[in-house]
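See below for the structure under consideration.
The values are calculated or read from the model by the stated rules, or taken from the named source; none is laboratory data. Since we're looking at a predicted model, the values are computed, not measured. Neighbour counts run over all protein chains shown; Cβ positions are idealised from the backbone, glycine included.
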Amino acid sequence: MKPEPLLICGVDEAGRGPLAGPVCAAAVILDPARPIGGLKDSKKLSASNRTRLAQEIKDKALAWAVAWASVEEIDRLNILQATLLAMRRSVLNLSVQPDAVWVDGNVCPELPYPGRAIVQGDALEPVISAASILAKTERDKEMLQLAKYYPDYGFERHSGYPTPDHIAALQRHGASPVHRKSFGPVKRVLMQDQAGSADDRGEIKTCW
């Protein structure tokens, strides 16, 4: 008898680099009987193709899950540890237990399954590509929602990444509650705000 094929779970994240918003991780176990064409690194796909493939992955995969680490967790743990936490949560939320977990990058989260870190895995392994697509599309949707609550920053355009217009908005309006206070550009704005407040408190006014 042929041995049963291993159930490989692919894992990837979206949102390590932005200055705002949570980090998102996805875990996917593809179904060999229901192949999905066109899987590749989510960054190499157009937004419309990512959206289409994300729905196909949800429809055809044996199991998939998306999980998050919050801005507060990012600031408390650091971005690497928060990313690994989101990855761990995504795998543990799967409805099917994998035989092994393949993670994009060079570090695996702590899991009760054999793990393998694959540098550029989102471009090399379709199962990781699928996770990349889910993580990216889900995080983009979250940033669109945050843009409605914090319209001054343009989250709907850059998803929180440090683009010139985002940096300009950050300097103009200060940091929002969803900005990552431990990230350099946000930290500098907060320090400027604190210095300005201290100057205001120390100002002496003479009344006649």
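Note down all Cβ pairs under 7 Å where the first residue falls in the range 8-37 and is surrounded by fewer than 24 Cβ atoms within 10 Å (Cβ to Cβ), the second is of a type in the set (Lys, Arg) and not in a loop (DSSP other than H, G, I, E, B), and they're at least six residues apart or on different chains.
Once the first residue is surrounded by fewer than 24 Cβ atoms within 10 Å (Cβ to Cβ) and sits in the range 8-37, its partners that are of a type in the set (Lys, Arg) and not in a loop (DSSP other than H, G, I, E, B) give ASP31/LYS60; ARG34/LYS60; ILE36/LYS60.
Within 23 Å of LEU146 (Cα to Cα), at pLDDT 95 or above and outside any loop (DSSP other than H, G, I, E, B): is that true of VAL66 in this structure? Explain how you work it out, then say what you get.
On the way: within 23 Å of LEU146 (Cα to Cα): yes; at pLDDT 95 or above: yes; outside any loop (DSSP other than H, G, I, E, B): yes.
When the stated conditions are applied, VAL66 passes them.
Can you spot a residue in the range 30-44 that is β-branched (Val, Ile, Thr) and either at pLDDT below 95 or touching a Phe, Trp or Tyr at 6+ places or on another chain (Cβ under 8 Å) (or both)? Let's see the steps before the verdict.
Just the residues of the range 30-44 that are β-branched (Val, Ile, Thr), to begin with: 36.
If we keep only those that are either at pLDDT below 95 or touching a Phe, Trp or Tyr at 6+ places or on another chain (Cβ under 8 Å) (or both) too, we end up with none.
Within the range 30-44 (the criterion being β-branched (Val, Ile, Thr) and either at pLDDT below 95 or touching a Phe, Trp or Tyr at 6+ places or on another chain (Cβ under 8 Å) (or both)), the answer is no, since none of the residues qualifies.
Report, by residue number, each residue of the range 95-148 that is aliphatic (A, V, I, L, M), buried (at least 20 other Cβ atoms within 10 Å of the Cβ) and more than 20 Å from TYR161 (Cα to Cα). Steps first, answer last, please.
The first filter runs over the range 95-148 and keeps only residues aliphatic (A, V, I, L, M), leaving 96, 100-101, 103, 107, 111, 117-119, 123-124, 127-128, 130-131, 133-135, 143-144, 146-147.
Still in the list and also buried (at least 20 other Cβ atoms within 10 Å of the Cβ): 101, 103, 127-128, 130-131, 133-135, 143, 146.
Across the range 95-148, the qualifying residues are VAL101, VAL103, VAL127, ILE128, ALA130, ALA131.
I want to confirm something. Restricting to the range 46-65 and keeping residues that are in contact with a helix residue (DSSP H, G or I) (Cβ under 9 Å, 6 or more places away or on another chain) and of a type in the set (Gly, Ala, Ser), which single residue is farthest from ARG89 (Cα to Cα)?
Checking each candidate, the answer is ALA47.
Mind listing whichever residues of the range 112-154 are free of Cβ contacts under 8 Å to residues at least 40 places away in the same chain and touching a helix residue (DSSP H, G or I) at 6+ places or on another chain (Cβ under 8 Å)?
Selection gives ILE118, LEU144, ALA147, ASP152, GLY154.
What pairs come up if the first residue lies in the range 82-101 and is closer than 14 Å to LEU7 by Cα, the second is part of a helix (DSSP H, G or I), and their beta carbons are under 9 Å apart, counting only those six or more places apart or on different chains?
PRO98/VAL91; VAL101/MET87; VAL101/VAL91
Starting from residues that are among the aliphatic types (A, V, I, L, M) and in a loop (DSSP other than H, G, I, E, B), keep the ones in the range 94-127 and report whichever is farthest from GLN81 (Cα to Cα).
The first filter runs over the range 94-127 and keeps only residues among the aliphatic types (A, V, I, L, M), leaving 94, 96, 100-101, 103, 107, 111, 117-119, 123-124, 127.
Then keep just the ones that are in a loop (DSSP other than H, G, I, E, B); that gives 94, 96, 107, 111, 119.
Numbers: LEU94: 21, VAL96: 25, VAL107: 10, LEU111: 14, VAL119: 18 Å.
Filtering the range 94-127 for residues that are among the aliphatic types (A, V, I, L, M) and in a loop (DSSP other than H, G, I, E, B), the one farthest from GLN81 (Cα to Cα) comes out as VAL96.
With the condition kept exactly as written, say whether any residue in the range 37-47 is aliphatic (A, V, I, L, M) and farther than 20 Å from HIS158 by Cβ.
At the first step, the residues of the range 37-47 found to be aliphatic (A, V, I, L, M) are 39, 45, 47.
Retained after the next criterion (residues that are farther than 20 Å from HIS158 by Cβ): 39.
Yes: the range 37-47 contains one or more residues that are aliphatic (A, V, I, L, M) and farther than 20 Å from HIS158 by Cβ.
Which residue out of GLU13, GLU4 is of a type in the set (Asp, Glu), part of a strand (DSSP E or B) and either modelled with pLDDT under 95 or within 21 Å of SER159 (Cα to Cα) (or both)? Give the derivation first.
Working: GLU4 fails: part of a strand (DSSP E or B).
Going through GLU13, GLU4 in turn, just one is of a type in the set (Asp, Glu), part of a strand (DSSP E or B) and either modelled with pLDDT under 95 or within 21 Å of SER159 (Cα to Cα) (or both): GLU13.
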